[in-house]
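The values are calculated or read from the model by the stated rules, or taken from the named source; none is laboratory data. Fair warning: this is a prediction, and the values are worked out from it, not measured in the lab. A quick note on method: Cβ atoms are made from the backbone with ideal geometry, for glycine too, and the neighbour counts reach across all protein chains shown.
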């Protein structure tokens, strides 16, 4: 019974993601607020040659966009199950000069070792923030998981915190871009990350547009 329930839930999630991908397209820009000091442009995308890339034309779209950086959130084992051949090799063939940054995020975040993940996620975001978000030379950055929705939205929520937004406002901006609510279990992980971020960046709390600590505690549990 438990296996049937789990399979049914996966089918429902896949259906919702398919609808979102159809609405957003395979590749779409993630609109950051104009008030942010960020010249780079960020995009979400489905995984090339994966389940949602029916026409196998995502890499061609990446080539047309001339992306300078690729951030891959899909674990290697998942890539092996869903992609024939080496995805990294095919990305490098399509975008020879692009930098590929990997941060594997398990599809089911509940099963992750949260403390270790939060630290590695924070290190990556710190690198992205320093190299891409505050640089003088604008870059074009594409972020992908499988459908370019759930884990990709999670990544952008974390990035927005580094750019000066609190948890509530970060989640709201992600939902506005994707037109989809963030799942409760992802909010729990983001909540943990937000606590860790405040502990490691105590000087940032006073720079948020709203009172971050109070706002963080009032985030409603929504259902991405």
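Numerical summary
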read-out	value
Count - residues of the stretch 38-47 that are modelled with pLDDT under 90 and either part of a strand (DSSP E or B) or touching a helix residue (DSSP H, G or I) at 6+ places or on another chain (Cβ under 8 Å) (or both)	2
Members of the stretch 86-118 found to be exposed (fewer than 12 other Cβ atoms within 10 Å of the Cβ), outside any helix (DSSP H, G or I) and at pLDDT 85 or above, listed by number	96, 97
Condition met for residue 67 (under 21 Å from residue 186 (Cα atoms) and either modelled with pLDDT of 95 or more or over 18 Å from the mean Cα position of the chain (by Cα) (or both))	no
Condition check for residue 22: assigned to a helix (DSSP H, G or I) and modelled with pLDDT of 95 or more	no
Per-region count, the stretch 178-190, residues outside any loop (DSSP other than H, G, I, E, B) and either surrounded by fewer than 16 Cβ atoms within 10 Å (Cβ to Cβ) or at pLDDT 95 or above (or both)	3
Boolean, residue 59 is assigned to a helix (DSSP H, G or I), more than 18 Å from residue 177 (Cβ to Cβ) and modelled with pLDDT of 95 or more	yes
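A quick yes/no check of all residues on (1) closer than 16 Å to residue 69 by Cβ; (2) touching a helix residue (DSSP H, G or I) at 6+ places or on another chain (Cβ under 9 Å); (3) part of a helix (DSSP H, G or I):
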residue	(1), (2), (3)
120	no, no, yes
129	yes, yes, yes
154	no, yes, yes
171	no, yes, yes
